[in-house]
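Undergrad: I'd like to ask you about the structure that follows.
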Amino acid sequence: MHRRAGFASIGLFAALLALVLTALSPVALATGEASPAPAAAAPAGVPIVLGVIPDPSGTRTKWSGDQININLNLNGADLDPAASILTVDGKQIVLSSPASMIELSPGNPTLLMKWDTPTFAKGDFKFDVTLFDTAGQQLQVYDERNGKTAATYSWEFKSEGEATGGSLINFEVMKKWFWYIAAGAIVTVELTVISIAFACLFALFGSLGRLSKKMSFKQAWDRYQSREYMFRMVLGRIPYWLATFYTSLFRGTPLLLQIIVIYQGVPEILKALGLPDTYNPPAFWSGVAALSLNYGAYLTEVFRAGIQAVPKGQNEAAWAIGLSGWQTQRRVVLPQALKIVIPALGNDFIALIKDTSLVSVITVEELLRRAQLAGASSLNNFSTLLVAAAFYWALTIFFSFWQAKLETRMARDKAREKEKGKK
Amino acid sequence: MAKSTSTPIYDDQGRELIVKVEGLQKYFGKNHVLKGIDLEVFKGEVVVLIGPSGSGKSTFLRCLNFLEDPTTGEIGIGGVHVTCGSHGGQFKKDVHQIRMKCGMVFQEFNLFPHMDAIENVIEGPVLVKGEKKAAAITKAQALLTKVGLAERMDFFPSQLSGGQKQRVAIARAMAMDPVLMLFDEPTSALDPELIGEVLKVMKDLAAQGMTMIVVSHEMGFSRDVADRVVYMDDGYFIEQGPPSEVFFHPQDDRTKRFLRHILPEKEPQQAAALGILEVGQELPDPDAAPLQGPIGAALNEDNMADTAIPRIPLSGGPMGETPLPPGDENL
């Protein structure tokens, strides 16, 4: 049926995205969410080692020779990272800066120890790390591999040479990390599609709220002189105020800040409210919340303009046949507004694909973060970032193509309708 | 829905009143547009509103089904009575009842462009009256056939000509089984050759006994169909009566002046028949007169008589020997 073609193409577009989404969903969710460490059989206050780099159990046999990483579950220990001591083959290493902790995923900090000269390129090495708490007391360390608690954490690594990233653009590195980064692209698409769906929902209610103001308080008072009417008007004005506050707040603060606040702020808000603050919002859904709220605020204004672009006579014709306000919106105004809004919506969708990269800062393993992790591992950031850039570019080209297709399709339907009318 | 069981109102002669408007006033901000209007329309009556632009015709029509919210006054339509300027739930319910009883046809058609003709027509019955879709479609098909669009039922508005669109709009309004049809300049946006088909549908409706209020300057239509013509100016009903009275024997000067302008332009043949304009005579030039008076002097009814030179002979016409004052060029 030709008359449904415009909507059918939108439906096709949505269905395709949904298909991609659902087909890849389990993979993506598994990689997208940081898994908190399982509760170990260690006494409280004893940090648990979850993994180390250079990793004796891993497949890699080369290392950079100038840094080690220890992934920890603090288990309640009051660790002072700067006090940590590293010895290699019994010789204490002078670090280039005091050991520091990076929180790559919540609750699982990584202790990073770096020194200047990579002198341990090849050979067998024995590492010993001693940890201290803030009171200067030496901490016991629980080893997850053998289930033992010891005063120092020790491991051995057999190096076959110095690991480097190789040439600036290293196709070996790209090939090796391609599928790892590709899995991040799925998370990116997933973030984009879920976020734009929620953003549209927020924008729909936001725009209706923004447009709910019909009369100023002064006009209403002059008109009705009724306290009861004014009271109901104040209640009726709440959606407008909420929508205005919402768009103002989310368009007036940086998206990056919103992402971080939602992810890191929630536990603190819970704490401030006197609730247990152990809840860590899953990074993926924090990202979705921030992205959809932010884009919802922008789309609110887009939707508002779209609704206002529908001629006023359409409203009047609907009222004249007795449709209620909501029926008028749902049946008459919104379907027409949607058509007006589609080009702008497509633009925001493509912008959102790129803005999802911001959630890499809260450890969501999407394209950029996976490229960074791969870069850190392969010691060739440039190559892995190039792969990520190629993925972003391909995604935007793909979705731009569909957007253009959708728009020409709608234009063609219109032309065909005109053609038919001439007969 | 207690209100929907409305009781018909009768006047003292036992005729059923469809419309009863009392003291209707409308302000747009400080602008006083309707200055107290009373109107009674009987069942089956066709009332045509004429008047210069800005006189409040359209506003009055749109007040009747509350597309504009009147400031004060009483409106009763089909037995539903609303006191204007009130508010609240009962007010909203009554307005909804009135809207269901009025069909409205707009100058710009206002068809829903994303629905085809039949969907446009069934929208009201299905959504508002809760009719079954199949039944509504059957009824819509009958209505569209009646307005001569049996071949165009699955066409979208963009595929229809102006006249066809307006006929779909009439069918859409009729689908709600209104007791009153409101036409707001239904032919003003149409090409001249398309006006006839719309007027014909309106005539058919009138012949079937539909009560109608029409804002239109189609004098031929008014002459043939209207039971009453109302001349409106500056927010008042100036005079009203059968078309023969209002067109042939206007009492008020403003009516006379307005007709002098409208008739020769719209209906030269008609004007000639009425004796306002002789056949073959040139149309009056509305820009000619102001040069007669002092520059900048306002042409109003007081100074009109002095400056006027009647340019249109009226001898032998139904206007009698009384010469009309010259046209008000300020219009």
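The values are calculated or read from the model by the stated rules, or taken from the named source; none is laboratory data. These numbers were taken from a predicted model, which means no experiment stands behind them. FYI the Cβ positions are ideal-geometry reconstructions off the backbone, even for glycines, and counts take in every protein chain you see. The accessibility values were calculated without ligands, DNA or RNA, using every heavy atom of the protein model including side chains. Shrake-Rupley method; radii C 1.70, N 1.55, O 1.52, S 1.80 Å.
Undergrad: Among helices (runs of 4 or more DSSP H) lying entirely in segment B:155-252, which contain 1 or more residues that are among the acidic types (Asp, Glu) and free of Cβ contacts under 8 Å to residues at least 12 places away in the same chain? Reasoning before the result, please.
TA: Numbers: elements: B:162-174, B:192-207, B:219-225.
Filter on segment B:155-252 gives B:192-207.
Undergrad: Moving on. Look at B:LYS146 and say whether it is over 21 Å from B:ASP191 (Cα atoms), open to solvent by 20 Å² or more (accessible area, probe 1.4 Å) and in contact with a strand residue (DSSP E or B) (Cβ under 8 Å, 6 or more places away or on another chain). Spell out how you get there, then give the answer.
TA: Values: over 21 Å from B:ASP191 (Cα atoms): yes; open to solvent by 20 Å² or more (accessible area, probe 1.4 Å): yes; in contact with a strand residue (DSSP E or B) (Cβ under 8 Å, 6 or more places away or on another chain): no.
No.
Undergrad: OK, next. Give the residues of segment A:303-319 that are touching a Leu at 6+ places or on another chain (Cβ under 8 Å) and within 11 Å of chain B (Cβ to nearest Cβ), sorted by residue number. Please lay out each step first, then the result.
TA: Of all residues in segment A:303-319, those touching a Leu at 6+ places or on another chain (Cβ under 8 Å) come to A:303-304, A:306-308, A:316-317, A:319.
Selection gives A:GLU316, A:ALA317, A:TRP319.
Undergrad: A further question on this structure: Since A:SER195 meets every condition but one in (1) over 28 Å from the mean Cα position of the chain (by Cα); (2) open to solvent by less than 70 Å² (accessible area, probe 1.4 Å); (3) under 18 Å from A:PHE303 (Cα atoms); (4) not β-branched (Val, Ile, Thr), which condition does it not meet?
TA: (1)
Undergrad: Which of the residues that make up segment B:21-41 are more than 14 Å from chain A (Cβ to nearest Cβ) and buried (at least 18 other Cβ atoms within 10 Å of the Cβ)?
TA: Within segment B:21-41, B:VAL21, B:LEU24, B:VAL33, B:LEU34, B:ILE37, B:LEU39, B:VAL41 meet the criteria.
Undergrad: Report the residue count in segment A:132-152 for those that are in a loop (DSSP other than H, G, I, E, B), surrounded by 15 or more Cβ atoms within 10 Å (Cβ to Cβ) and among the hydroxyl-bearing types (Ser, Thr, Tyr).
TA: First, pick out the residues of segment A:132-152 that are in a loop (DSSP other than H, G, I, E, B): A:134-137, A:140, A:144-147, A:151-152.
Going one step further and asking which of them are surrounded by 15 or more Cβ atoms within 10 Å (Cβ to Cβ), we end up with A:140, A:144, A:152.
Those still in the list that are among the hydroxyl-bearing types (Ser, Thr, Tyr) too: A:152.
Here the count works out to 1.
Each row is one residue, and each column tells you yes or no for (1) closer than 28 Å to B:PHE60 by Cα; (2) within 13 Å of chain A (Cβ to nearest Cβ).
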site: B:GLN159; (1), (2): no, yes
site: B:GLN164; (1), (2): yes, yes
site: B:PRO178; (1), (2): yes, yes
site: B:LEU190; (1), (2): yes, no
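Undergrad: Just wondering, is there one or more residues in segment A:83-93 that are in contact (Cβ under 8 Å) with a residue 24 or more places away in the chain, farther than 25 Å from A:ALA283 by Cα and either loosely packed, with under 15 Cβ neighbours inside 10 Å or of a type in the set (Asp, Glu) (or both)?
TA: From segment A:83-93, those in contact (Cβ under 8 Å) with a residue 24 or more places away in the chain are A:83-90; that's our starting set.
Keeping just the survivors that are farther than 25 Å from A:ALA283 by Cα gives A:83-90.
From the residues that got through so far, the ones that are either loosely packed, with under 15 Cβ neighbours inside 10 Å or of a type in the set (Asp, Glu) (or both) too are A:89-90.
Within segment A:83-93, one or more residues are in contact (Cβ under 8 Å) with a residue 24 or more places away in the chain, farther than 25 Å from A:ALA283 by Cα and either loosely packed, with under 15 Cβ neighbours inside 10 Å or of a type in the set (Asp, Glu) (or both).
Undergrad: Same structure again: Search segment A:207-225 for residues that are free of Cβ contacts under 8 Å to residues at least 40 places away in the same chain and over 19 Å from A:THR244 (Cβ atoms) and pair each with any residue that is of a type in the set (A, V, I, L, M) and open to solvent by less than 40 Å² (accessible area, probe 1.4 Å) when their beta-carbon atoms are under 7 Å apart and the residues are at least 6 apart or on different chains.
TA: If the second residue must be of a type in the set (A, V, I, L, M) and open to solvent by less than 40 Å² (accessible area, probe 1.4 Å), the pairs left are A:TRP221/A:MET230.
Undergrad: Restricting the search to segment B:139-154, which residues are within 17 Å of B:PHE112 (Cβ to Cβ), within 14 Å of chain A (Cβ to nearest Cβ) and in a helix (DSSP H, G or I)?
TA: B:ALA140, B:LEU143, B:ARG152, listed by residue number.
Undergrad: Among the listed residues A:THR300, A:THR278, identify the single one that is more than 14 Å from chain B (Cβ to nearest Cβ), surrounded by fewer than 18 Cβ atoms within 10 Å (Cβ to Cβ) and either part of a helix (DSSP H, G or I) or modelled with pLDDT under 95 (or both). Lay out the reasoning, then the answer.
TA: Values: A:THR300 fails: surrounded by fewer than 18 Cβ atoms within 10 Å (Cβ to Cβ).
So the residue among A:THR300, A:THR278 that is more than 14 Å from chain B (Cβ to nearest Cβ), surrounded by fewer than 18 Cβ atoms within 10 Å (Cβ to Cβ) and either part of a helix (DSSP H, G or I) or modelled with pLDDT under 95 (or both) is A:THR278.
Undergrad: Can you tell me how many residues in segment A:226-247 are open to solvent by 80 Å² or more (accessible area, probe 1.4 Å) and free of Cβ contacts under 8 Å to residues at least 24 places away in the same chain?
TA: At the first step, the residues of segment A:226-247 found to be open to solvent by 80 Å² or more (accessible area, probe 1.4 Å) are A:227-228, A:231-232, A:235, A:241-242, A:245.
With the extra rule that they be free of Cβ contacts under 8 Å to residues at least 24 places away in the same chain, the set shrinks to A:227-228, A:231-232, A:235, A:241, A:245.
Residues in segment A:226-247 being open to solvent by 80 Å² or more (accessible area, probe 1.4 Å) and free of Cβ contacts under 8 Å to residues at least 24 places away in the same chain: 7 in total.
Undergrad: Restricting to segment B:70-91, count the residues that are facing chain A (nearest Cβ under 10 Å) and either within 21 Å of B:TYR10 (Cβ to Cβ) or modelled with pLDDT of 90 or more (or both).
TA: Residues flagged as facing chain A (nearest Cβ under 10 Å) and either within 21 Å of B:TYR10 (Cβ to Cβ) or modelled with pLDDT of 90 or more (or both) within segment B:70-91 amount to 1.
Undergrad: Quickly run through segment B:238-253 and pick out the residues that are open to solvent by less than 40 Å² (accessible area, probe 1.4 Å) and of a type outside the set (Asp, Glu). First the steps, then the outcome.
TA: Here is the first cut: in segment B:238-253, the ones open to solvent by less than 40 Å² (accessible area, probe 1.4 Å) are B:238-239, B:241, B:243, B:246-247, B:250.
B:ILE238, B:GLY241, B:PRO243, B:VAL246, B:PHE247, B:PRO250, listed by residue number.
Undergrad: Going by the conditions given, is A:ALA351 part of a helix (DSSP H, G or I), under 30 Å from A:TRP63 (Cα atoms) and without any contact (Cβ under 8 Å) to a residue 60 or more places away in the chain? Working first, answer last.
TA: Numbers: part of a helix (DSSP H, G or I): yes; under 30 Å from A:TRP63 (Cα atoms): no; without any contact (Cβ under 8 Å) to a residue 60 or more places away in the chain: yes.
Against the criterion (part of a helix (DSSP H, G or I), under 30 Å from A:TRP63 (Cα atoms) and without any contact (Cβ under 8 Å) to a residue 60 or more places away in the chain), A:ALA351 does not qualify.
Undergrad: Can I ask one more? From A:THR149, A:THR134, A:THR87, A:THR61, which residue is at pLDDT below 80 and among the polar types (S, T, N, Q)? Steps first, please.
TA: Numbers: A:THR149 fails: at pLDDT below 80; A:THR134 fails: at pLDDT below 80; A:THR87 fails: at pLDDT below 80.
Sole residue among the options that is at pLDDT below 80 and among the polar types (S, T, N, Q): A:THR61.
Undergrad: Kindly indicate whether any position in segment A:156-164 is in contact with a Phe, Trp or Tyr (Cβ under 8 Å, 6 or more places away or on another chain), open to solvent by less than 60 Å² (accessible area, probe 1.4 Å), assigned to a loop (DSSP other than H, G, I, E, B) and within 24 Å of A:PHE382 (Cα to Cα).
TA: Yes: segment A:156-164 contains one or more residues that are in contact with a Phe, Trp or Tyr (Cβ under 8 Å, 6 or more places away or on another chain), open to solvent by less than 60 Å² (accessible area, probe 1.4 Å), assigned to a loop (DSSP other than H, G, I, E, B) and within 24 Å of A:PHE382 (Cα to Cα).
Undergrad: Same structure again: Among the listed residues B:MET104, B:MET100, identify the single one that is open to solvent by 20 Å² or more (accessible area, probe 1.4 Å), facing another protein chain (nearest Cβ under 8 Å), under 24 Å from B:ILE9 (Cβ atoms) and not in a loop (DSSP other than H, G, I, E, B). Steps first, answer last, please.
TA: Working: B:MET104 fails: open to solvent by 20 Å² or more (accessible area, probe 1.4 Å).
B:MET100 is the lone residue from the list that is open to solvent by 20 Å² or more (accessible area, probe 1.4 Å), facing another protein chain (nearest Cβ under 8 Å), under 24 Å from B:ILE9 (Cβ atoms) and not in a loop (DSSP other than H, G, I, E, B).
Undergrad: Taking the residues in segment B:116-138 that are at the interface with another protein chain (Cβ under 10 Å from one of its Cβ atoms) and open to solvent by less than 10 Å² (accessible area, probe 1.4 Å) as candidates, determine which candidate is farthest from the chain's Cα centre (by Cα).
TA: It comes out as B:ASP116.
Undergrad: Here is a follow-up. Condition check: open to solvent by less than 10 Å² (accessible area, probe 1.4 Å), within 18 Å of the chain's Cα centre (by Cα) and β-branched (Val, Ile, Thr). Does B:VAL230 satisfy that?
TA: Values: open to solvent by less than 10 Å² (accessible area, probe 1.4 Å): yes; within 18 Å of the chain's Cα centre (by Cα): yes; β-branched (Val, Ile, Thr): yes.
Judged against the criteria, B:VAL230 is a match.
Undergrad: Moving on. Starting from segment A:320-332, take each residue that is at the interface with another protein chain (Cβ under 7 Å from one of its Cβ atoms) and among the small types (Gly, Ala, Ser) and list its partners that are assigned to a helix (DSSP H, G or I) and open to solvent by less than 10 Å² (accessible area, probe 1.4 Å), counting only C-beta distances under 7 angstrom and pairs at least six apart or across chains.
TA: Pairs that qualify, where the first residue is at the interface with another protein chain (Cβ under 7 Å from one of its Cβ atoms) and among the small types (Gly, Ala, Ser) and the partner is assigned to a helix (DSSP H, G or I) and open to solvent by less than 10 Å² (accessible area, probe 1.4 Å), are A:GLY322/B:GLY124.
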